[in-house]
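Engineer: One structure, pasted below without further comment.
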There are 4 protein chains.
Amino acid sequence: MCTDFILPLEDATQAKISARTMDYGNCAASPNVTDLVKVPAGMNFESLAPTHKHSLATGHKWVNTYGFVGTWLHPAATTFEKDMDADPTKLTYNDGLNTAGLSAAVLWLAYSEYEEPGEEAECLEIAHIAGYVLGTCATVAQVREKLDKLTVWAPEIWENLLANHLCVHDANGDSLVLEFTRGNKVYYNNTIGVLTNGPTFDMHATQYYYHYKSMTNKDNNRDRYIQLSEDESGVYHIQQGNGFQFEVLSDGTFGLPGDSTSPSRFVRTAVLKEFVPRTYDNRTGVQYALQILGRIAVCEQEVLTLYNPDGKPEEPRTTYNPTLWQVVRDHSDKILYYSTRLNHNLYSVRLNDLNLDKGSAWGILPMENDQWCTDNTASLDKPVK
Amino acid sequence: MCTDFILPLEDATQAKISARTMDYGNCAASPNVTDLVKVPAGMNFESLAPTHKHSLATGHKWVNTYGFVGTWLHPAATTFEKDMDADPTKLTYNDGLNTAGLSAAVLWLAYSEYEEPGEEAECLEIAHIAGYVLGTCATVAQVREKLDKLTVWAPEIWENLLANHLCVHDANGDSLVLEFTRGNKVYYNNTIGVLTNGPTFDMHATQYYYHYKSMTNKDNNRDRYIQLSEDESGVYHIQQGNGFQFEVLSDGTFGLPGDSTSPSRFVRTAVLKEFVPRTYDNRTGVQYALQILGRIAVCEQEVLTLYNPDGKPEEPRTTYNPTLWQVVRDHSDKILYYSTRLNHNLYSVRLNDLNLDKGSAWGILPMENDQWCTDNTASLDKPVK
Amino acid sequence: MCTDFILPLEDATQAKISARTMDYGNCAASPNVTDLVKVPAGMNFESLAPTHKHSLATGHKWVNTYGFVGTWLHPAATTFEKDMDADPTKLTYNDGLNTAGLSAAVLWLAYSEYEEPGEEAECLEIAHIAGYVLGTCATVAQVREKLDKLTVWAPEIWENLLANHLCVHDANGDSLVLEFTRGNKVYYNNTIGVLTNGPTFDMHATQYYYHYKSMTNKDNNRDRYIQLSEDESGVYHIQQGNGFQFEVLSDGTFGLPGDSTSPSRFVRTAVLKEFVPRTYDNRTGVQYALQILGRIAVCEQEVLTLYNPDGKPEEPRTTYNPTLWQVVRDHSDKILYYSTRLNHNLYSVRLNDLNLDKGSAWGILPMENDQWCTDNTASLDKPVK
Amino acid sequence: MCTDFILPLEDATQAKISARTMDYGNCAASPNVTDLVKVPAGMNFESLAPTHKHSLATGHKWVNTYGFVGTWLHPAATTFEKDMDADPTKLTYNDGLNTAGLSAAVLWLAYSEYEEPGEEAECLEIAHIAGYVLGTCATVAQVREKLDKLTVWAPEIWENLLANHLCVHDANGDSLVLEFTRGNKVYYNNTIGVLTNGPTFDMHATQYYYHYKSMTNKDNNRDRYIQLSEDESGVYHIQQGNGFQFEVLSDGTFGLPGDSTSPSRFVRTAVLKEFVPRTYDNRTGVQYALQILGRIAVCEQEVLTLYNPDGKPEEPRTTYNPTLWQVVRDHSDKILYYSTRLNHNLYSVRLNDLNLDKGSAWGILPMENDQWCTDNTASLDKPVK
């Protein structure tokens, strides 16, 4: 489970800001960990290809043109030292932003059926799709052009675990969705600017337009006030009004779904996006994105992850699907902002200040931070005069 | 518009944590400002009483037994210097926590009809109710006992602007709601632990139990997966499954309303509360409260404030009702946490470290903070080895 | 469970038409039976009063001014012969229309708490309230005036079984609701013109105005058409339109609840009522009422009646709460139309053609009819020319 | 707009009963009229093919193996005499039942894109599809086999007016849906047994399983009773219970949509179907189908038909989309039951009693009937003894 969206724009010169939650199975006994990974330009990547059933060969190879910062989610290692032994060209990135201002996000889509693998040199294993796109593409158009030359496949064993679709935003504010259904690539021009999980994008888009496209806080004539008042003879009468004596605010959006299923998160995000003020600077844009993220982020034990085939929860219940972290991406200034499940504070990484040139060292940093609160007691304790 | 709630408890020894949003009319041209005010014990307070129509006399007087930190929301002053000239015994507090671990919150309720004022010495003007309760009460029971000796009234001119109900939580985890309807005090034992705005609490409670009380992520048999697959002859068949191939998560909560009307926020908060893991320490409890706050906080221009009597929006549209700030209150350790509309970072004030003894100076601090993000670029730029 | 409503009017001269479903526990092994009972004017009625705990005395006595036709629902007797032994002045009527064009309907309201019984001569047992009103009142105003002189009570043993509120419409098109809460009569000027079951009327009215009052098929800008079309390069784009290529009709009413709970039936009826064309003659008015009745009538085993105290269904499941019958009342021409659970055909009784004068004989007729379908096979089999 | 469904079965020997509403644009000034048409076996049918742009040639030809009764909806002719001049082999049938117990129904689907016409002899114009299927097929399997040999097309001028999908049920209780999307036939094994209008069937099926499949009146723990009671000290407490003091019935189905959009009618029908008692004889099965039809039939002016391209209603508003008529089909005994918009009474045509053999005369009968009510006044007026 995850949600991704891009803020609406007033005009093309404005900062492009997108955001995303990572909602993922979390088990207290064995929590997942996410690292930020800095990948400079010019590294040698190799994907995989199947040779014969169950064995793997080298697939597509590339050198990344663009440096990027990617997120790497993995089960908790004993120490962070161990993570530092990782090979950044082999990791599965599920999100990231590159030096061209393009982001790639991988979200769960259980409906995925990948392509039949082609020539070995054209095989891109699904686990490498975000890393490939972040390393080689500057625009949505390039993503399509490049991926069309490859076949995206998954080893049988990963087909269910890596059932994914891809969500891309670029520095022009363009957005693309790529899904794999019935063994084919299906591209969507994501003009709604939202992606969640299943079912496929066309179903979300259709449902959104059918029922929710016109939900609005503007010009609605639903915001009313109702009171039953007693007349002198003791009979109650219904009175209604509005204007100053407002009570029902936002009723134009009555019907907006509030649960955490994928269709509900899609619709909720798409409607809330429309309410974002169209002019914003960097700071306010980031905060508007955080306001929406709050409304779609998943609470700690709101969503159970594991069910038995009979539909009953797996016992004991240890695994839930909360929002582990959320990112806000400034595609114009190339900044990645983030906060985490148990730390509301906002952190950032500025790509323009990172050394991402070819030949630079790679880097790694745990997403978690110790500092979760700033104490202002002393400031308040100061005598007024 | 506002929402207040208290986290559910595993047992009575656990930390008691409550939270609240302040959703209030905000106009870019003339933004509201909130200060935190430190009020030490032993100050002399006076409320107001009506003498004859439209003129005011001194009402109930008291000296506060408990020091407290209150929030004071007011139109932007030219400078913070000016706020420092305020008299802390005259302010209208809309939220706060006292040294006994009791909180008082005032939320909008358009349905309010206050009491007929009694003797001057027993008159408490509604604007002073939170300050009175914070200064004089340690428990929910005391709140009722003390307020029952007073008449709570409003000058005609304020009746619509100060249409409020009161929400109290104490260090035992008890919660009380006080509403004024048809000229009477009506107390509710708030075992749901949630309060929003209109209609009155009984209607929210009834609607919640009618339709939403059993919404659950537990034991639901709704989490399913559906796919249409083509057979060899080209006909599509409906397949469903669940277990590993999960796709629909959280469908047990399908129907949870997602809009920002008062009834929808009430229900959403009450249902999400139930999913909070019952054991938490201070930090995780605060973060769980922040997760729920995110789901009920109101986005920047989601809710228009001003409507004409004909129900059409007042033009130009300048005033919206976003969440200006949110507080999380630790009633056990007596800490007030807060973040603001355009600053996701969390700040705190620890009452145990404040000098709130009788005779101490009062204090004031703007709620806004400059620091909204911590830059981690350098840490990521460090070579791995 | 039941629903009652009155059609909206264009002007005061128009026929006044109301309607009602009787949704009641039905068990295949022991089905309920309803008889129509003709009660002429001038009969001697007696209600009951409590003497001391558990024993009964004669209560209020009256002679009915108006003749009426009432419905009497009771467990199946062995034969209709037995019903003919009934005493029409002792029956519990749950619906009916009188010669003044006033209807009285009794609907379940679990929240009811009746009055403390007064003087014996002023005691009206709740079981007799519809019979009393039908026999003595011509207008809504009279209903209130007369009932205010009596105390309406229930023997302890009946308090749960006869938990009812009263719904009255008169020949002027006025509507009144009477509920008993906290031991008092509470009258509502039912300008919505709908009544179902719990909670109390004020809660239904408030919820209706809060969320549904402005649901409309008029001027909505939600009726749209959405299609994803593939461009030449194989990317899907979202297209929308409307006008001729309509597909989404009635989306202005999206959010209208479709289940059979009491609040949902209330809202659905109130919204559908608004769509009734304001001009109708007798036949079309009756058919418009039947259209709405269809939308709120309860299907055969849609609603289980009996639950154990733990909330689980009583096993075996034998008792459901379907719509047993529905009536449409023409208050102007004084005609009672009806159809039943397993007979869609419409039957009528015309009060103007019944002998309801003082001294006339009473009458009784089973509501069920054998004829449920008219065979047109022969007409279609006729050669065309 | 239309809805079609088949009742669920206990076992294969049971009577197969399906039903359907015809919701269609109706204008008071120029109402539509529907005739029942009896078509004996052995008549010569011809469909159409395009020759070159805009001109038509003879398409596929066939002789009907099965006699059938079809419905023919057309603008009001001046007299029924004129209808008798019609040629039954040229009509556009939108519903019908044949002597093999197979029904064919044509419902609006704005998403339809028909096939590229093939050889003239293989061209079936969409207007003739129901007549073709009724005349030539006995089972769902045959429908597919026969239609696969033809290309189904529409003249450009009709493409929007005849945007349709096909819904078939046979005497075995099997159901098939055929849609035309992107120029291809798409068949669905309709195991849900419901069809309405757009979007395409896969979207309805997915949405139904996602959110509504487990809505149930069985084993739900939502049916509760809630009351606020005042304690001696005047504080209100929330009490809840259930069991005997039931008030909330059917809450397991809370969330069931009640409006008349196509997705809402689909879901409502599919859920209500599940509540039908699994054993029924002919009469009760027909009545259960009528109960569901009532819940999905569209009220007189609930749904506006004509919108301008800007989404605003066409003025003056003359055209609405009510349910013009409804049929219930007994596939086992081969009986067609029907009632109409302003006539609640049920009429029937029994195919086994019609002369449908080859060489018999065709027949025609207006669907409307004069008799809409049976007067029982005299029966009630009879003295009891």
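Engineer: I'd like to verify a number: residues in the range C:162-189 that are within 12 Å of chain A (Cβ to nearest Cβ) and outside any strand (DSSP E or B), how many?
Structural biologist: 1
Engineer: Output the number of residues of the range B:371-385 satisfying the condition of being open to solvent by less than 70 Å² (accessible area, probe 1.4 Å) and not β-branched (V, I, T).
Structural biologist: Qualifying residue count, the range B:371-385: 6.
Engineer: Filter the range B:350-370 for residues that are touching a residue at least 24 places away in the same chain (Cβ under 8 Å), open to solvent by 30 Å² or more (accessible area, probe 1.4 Å) and within 7 Å of chain A (Cβ to nearest Cβ); which is farthest from the chain's Cα centre (by Cα)?
Structural biologist: B:A361
Engineer: Still on this structure, I have one more. Considering only residues that are of a type in the set (K, R), surrounded by fewer than 24 Cβ atoms within 10 Å (Cβ to Cβ) and outside any loop (DSSP other than H, G, I, E, B), which ones fall in the range A:247-279?
Structural biologist: Within the range A:247-279, just A:K273 meets the criteria.
Engineer: Residues being at negative phi and surrounded by fewer than 24 Cβ atoms within 10 Å (Cβ to Cβ): count how many of those fall in the range D:193-205.
Structural biologist: Looking only at that region, the number is 3.
Engineer: Testing C:D259 on (1) within 7 Å of another protein chain (Cβ to nearest Cβ); (2) modelled with pLDDT under 95; (3) under 25 Å from D:S379 (Cα atoms), one condition comes back false. Which one is that?
Structural biologist: Against the list (1) within 7 Å of another protein chain (Cβ to nearest Cβ); (2) modelled with pLDDT under 95; (3) under 25 Å from D:S379 (Cα atoms), C:D259 comes up short only on (3).
Engineer: Then there's this: Within the group C:E314, C:E302, which residue is over 30 Å from C:N44 (Cβ atoms), more than 16 Å from the chain's Cα centre (by Cα) and more than 8 Å from every other protein chain (Cβ to nearest Cβ)?
Structural biologist: C:E314
Engineer: So D:T253 clears everything in (1) closer than 30 Å to C:Q287 by Cβ; (2) more than 7 Å from chain C (Cβ to nearest Cβ); (3) at pLDDT below 85 except one condition, right? Which one?
Structural biologist: (2)
Engineer: Let me ask something additional. What is the one condition in (1) more than 17 Å from C:Y338 (Cβ to Cβ); (2) surrounded by fewer than 22 Cβ atoms within 10 Å (Cβ to Cβ) that C:S47 does not satisfy?
Structural biologist: Only one criterion in (1) more than 17 Å from C:Y338 (Cβ to Cβ); (2) surrounded by fewer than 22 Cβ atoms within 10 Å (Cβ to Cβ) is unmet by C:S47, namely (2).
Engineer: Can you work out which of the residues in the range B:159-175 that are surrounded by fewer than 21 Cβ atoms within 10 Å (Cβ to Cβ) and touching a helix residue (DSSP H, G or I) at 6+ places or on another chain (Cβ under 7 Å) is nearest to B:I126 (Cα to Cα)?
Structural biologist: B:L162
Okay, residues lined up against (1) in contact with a Lys or Arg (Cβ under 6 Å, 6 or more places away or on another chain); (2) at the interface with chain A (Cβ under 7 Å from one of its Cβ atoms); (3) small (G, A, S):
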position: B:I296; (1), (2), (3): yes, no, no
position: B:Y320; (1), (2), (3): no, no, no
position: B:L324; (1), (2), (3): yes, no, no
position: B:N345; (1), (2), (3): no, yes, no
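Engineer: Still on this structure, please answer the following. Could you list all residues from the range C:306-347 that are open to solvent by 20 Å² or more (accessible area, probe 1.4 Å) and of a type in the set (D, E, K, R)?
Structural biologist: Correct list: C:D310, C:K312, C:E314, C:E315, C:R317, C:D333, C:K334, C:R341.
Engineer: Continuing with the same structure: Within the range C:330-342, is even one residue more than 10 Å from chain D (Cβ to nearest Cβ), closer than 25 Å to C:C137 by Cα and assigned to a strand (DSSP E or B)?
Structural biologist: So far as the range C:330-342 goes, yes, one or more of its residues are more than 10 Å from chain D (Cβ to nearest Cβ), closer than 25 Å to C:C137 by Cα and assigned to a strand (DSSP E or B).
Engineer: Here's something else I'd like to know. Which residues, taken from the range B:280-313, are part of a loop (DSSP other than H, G, I, E, B) and closer than 23 Å to B:V33 by Cα?
Structural biologist: Scanning the range B:280-313 gives B:A297, B:V298, B:C299, B:E300, B:Q301, B:E302, B:V303, B:T305, B:L306.
Engineer: Another question, then. In the range A:286-293, is there at least one residue being over 17 Å from A:F5 (Cα atoms), facing chain B (nearest Cβ under 8 Å), surrounded by 18 or more Cβ atoms within 10 Å (Cβ to Cβ) and touching a strand residue (DSSP E or B) at 6+ places or on another chain (Cβ under 9 Å)?
Structural biologist: no
The values are calculated or read from the model by the stated rules, or taken from the named source; none is laboratory data. All figures in this text were calculated on a predicted structure; none of them were measured in a lab. All Cβ positions, even for glycine, are placed from backbone atoms using ideal geometry, and neighbour counts span all protein chains on display. In case anyone asks, the SASA skips ligands and DNA or RNA and just uses the protein heavy atoms, side chains included. Shrake-Rupley method; radii C 1.70, N 1.55, O 1.52, S 1.80 Å.
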